[in-house]
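The values are calculated or read from the model by the stated rules, or taken from the named source; none is laboratory data. No experiment lies behind these values; they were computed from the predicted model shown. Neighbour counts are summed over all protein chains in view; Cβ atoms, including those assigned to glycine, are modelled from backbone coordinates with ideal geometry. With ligands, DNA and RNA removed, areas are computed over all heavy atoms of the protein, side chains included. Shrake-Rupley method; radii C 1.70, N 1.55, O 1.52, S 1.80 Å.
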Amino acid sequence: MDGQVRVRYAPSPTGHLHIGGARTALFNYLYARSKQGKFIIRFEDTDQTRHVETGVDNQLSGLKWLGIDWDESVDIGGEYGPYSQLKRLPLYQPFIDQLVENKQAYRCYCSEEELAQERTEQEAEGEMLSYSGKCRHLTAQQIVQYENEGRKPTLRFRVPTNETIVIEDQVRGHVEFASNDIGDFIILRPDGIPMYNFAVVLDDHLMKITHVIRAEEHLSNTPRQLLIYQALGVQPPQFAHLSLILNPDRKKMSKRDESIVQFVEQYKDMGYLPEAVLNFITLLGWSPKGEEEIFSKQDIIDQFSLDRISKSPAVFDMDKLNWMNNLYLKKTESARVVELAIPHLQKAGKIPQHVTETELEWVSALVQLYQDQLPFVAEIVSLSQLFFTDEIVYDDEARAVLAEEHAPIVLASFLQQVELADSFNAEQMKVLLKQVQTETGFKGKPLFMSIRVALTGQMHGPDLNASLFLLGRTKVIARLQSLLS
């Protein structure tokens, strides 16, 4: 297909941006940018029973957070609008008229009850479920009779018989369908709203879409769509159907599956970095040329091609996402991580809603202490719990450390140094600990382990100097006095 590449992401505005939808949008975006083409977002909103008021904003804001931009959509317009299906209905009428006039579509007056009965009989006979075509050759008299009964017809596409429909899919390769297995399908509801398989063809044709990159579940729709392209005498786009995303149990990912986080907004709320999530989603079915897995968005665009998309299902591995996000967090400016951490600490009631400069300095030190350990920023609350508790529970191992004969000597000396110190910060802790070493003669593990266990209850933990500063002079003195008494 010659000319500029034009691809689209066409969600229904039925809720938040799902990981599967995000991957479809991302692969379309990456392909467009890699080919200096156009990326369009179009909303398929004809099913008003599933419409969610905030659905459009949720989709766009989720994509925006991931770092995906677009060239045409409801928010910025474009040459081929409107970009929501309900507003495009008048554009479809000439094509409807063409199909009816050419006898490639016909009105079907079958009731829901009649169609249900037909399906029941086919199931009983072990036949493939498809419309029998009983309204294919209605006489004028029969049509008048049905109209007088008040029946509202659908419009069905007349599927040609004994044809092989071939799809040369950019991911799945050569795929064939038999037209006899399809049955005449509805393209227009009684209320005049087009069905998906009809509207999507008209929209893609009118918007000059060159490549349709979408989920594998749409592959079975493709033969119907190709038949419509053929009937209208227009060139179809190239198709690329992306493999399924499986959950960690290697089962098809369901929106009700609680083993993984499903929606992009949830990752944002949990404190994942968008560039890490984008990197991770890209690798759900696409392979780079080498062994490297960490890429900037531009790196991915430079490498992206449809021939590196796998036919095999991709497994959504939360552990890998957390590992990847942790790598990104380690390299991120601390100020950005602090900004992300503050709402989580506030929501947990650990810090006030309005943070003073002194409190901000304290939070910054807290985040820096744990930044290299965070799988995602919300974890700062559980990781830093020792700084927000008033009582320490000492286990047997901790009690054994505190029972060693040097421990009370070290702790008494440190208490005295803390009480006499002019300032109390991480740098000052080094000075105080050095003074305890000089005064008591203890150094290394007997010195540092005694103080760590006494003040945190933990045998191991983050940097001791920073931990002591974060506990604060008041808490340090209180804990040491309680132990020594």
Going through segment 77-109 one residue at a time, which ones are on the phi > 0 side of the Ramachandran plot and in contact (Cβ under 8 Å) with a residue 40 or more places away in the chain? Lys103
The one condition Phe376 fails out of (1) out of contact with any Phe, Trp or Tyr (no Cβ under 8 Å at 6 or more places or on another chain); (2) under 24 Å from His460 (Cβ atoms); (3) open to solvent by less than 50 Å² (accessible area, probe 1.4 Å) is (1)
Here the residues within segment 263-284 that are outside any helix (DSSP H, G or I) and either of a type in the set (Lys, Arg) or open to solvent by less than 10 Å² (accessible area, probe 1.4 Å) (or both) are Gly271, Tyr272, Leu273, Leu284
Got a sec? Which of Leu471, Leu464, Leu484, Leu383 is more than 18 Å from Trp362 (Cα to Cα) and either of a type in the set (A, V, I, L, M, F, W, C) or modelled with pLDDT of 95 or more (or both)? Leu484
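When you check Trp286 against the structure, is it of a type in the set (Phe, Trp, Tyr) and farther than 30 Å from Arg172 by Cα, yes or no?
no
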Which of the residues belonging to segment 414-432 are out of contact with any Phe, Trp or Tyr (no Cβ under 9 Å at 6 or more places or on another chain) and either among the hydroxyl-bearing types (Ser, Thr, Tyr) or part of a helix (DSSP H, G or I) (or both)? Phe414, Leu415, Gln416, Gln417, Glu419, Leu420, Ser423, Lys430, Val431
Taking segment 446-478, which residues are open to solvent by 50 Å² or more (accessible area, probe 1.4 Å) and of a type in the set (Ser, Thr, Tyr)? Thr474
Is segment 1-21 home to any residue that is free of Cβ contacts under 8 Å to residues at least 24 places away in the same chain and either more than 25 Å from Leu206 (Cα to Cα) or surrounded by fewer than 20 Cβ atoms within 10 Å (Cβ to Cβ) (or both)? yes
Would you be able to say whether some residue in segment 57-72 is open to solvent by less than 20 Å² (accessible area, probe 1.4 Å), within 25 Å of Tyr9 (Cα to Cα), modelled with pLDDT of 95 or more and of a type in the set (Val, Ile, Thr)? yes
Can you tell me which of (1) more than 30 Å from Gly55 (Cα to Cα); (2) in contact with a Ser or Thr (Cβ under 8 Å, 6 or more places away or on another chain) is the one Leu86 doesn't meet? (1)
Answer yes if at least one residue in segment 247-256 is modelled with pLDDT under 95 and either within 30 Å of Gln36 (Cβ to Cβ) or outside any loop (DSSP other than H, G, I, E, B) (or both), and no otherwise. yes
Segment 110-128: number of residues that are in contact (Cβ under 8 Å) with a residue 12 or more places away in the chain and farther than 22 Å from Ile193 by Cα: 2
For Val234, state whether it is assigned to a loop (DSSP other than H, G, I, E, B), surrounded by fewer than 17 Cβ atoms within 10 Å (Cβ to Cβ) and of a type in the set (Val, Ile, Thr). yes
Check Thr46, Thr54, Thr24 and return the single one that is at pLDDT below 95, closer than 20 Å to Val201 by Cβ and open to solvent by 10 Å² or more (accessible area, probe 1.4 Å). Thr46
Quick one: in segment 169-225, of everything that is open to solvent by 40 Å² or more (accessible area, probe 1.4 Å) and among the acidic types (Asp, Glu), which residue is nearest to Gln36 (Cα to Cα)? Glu216
Unmet requirement for Lys330, which otherwise passes all of (1) at pLDDT 95 or above; (2) within 19 Å of Ile68 (Cα to Cα): (2)
I need a count of the residues in segment 143-165 that are polar (S, T, N, Q) and assigned to a loop (DSSP other than H, G, I, E, B). 2
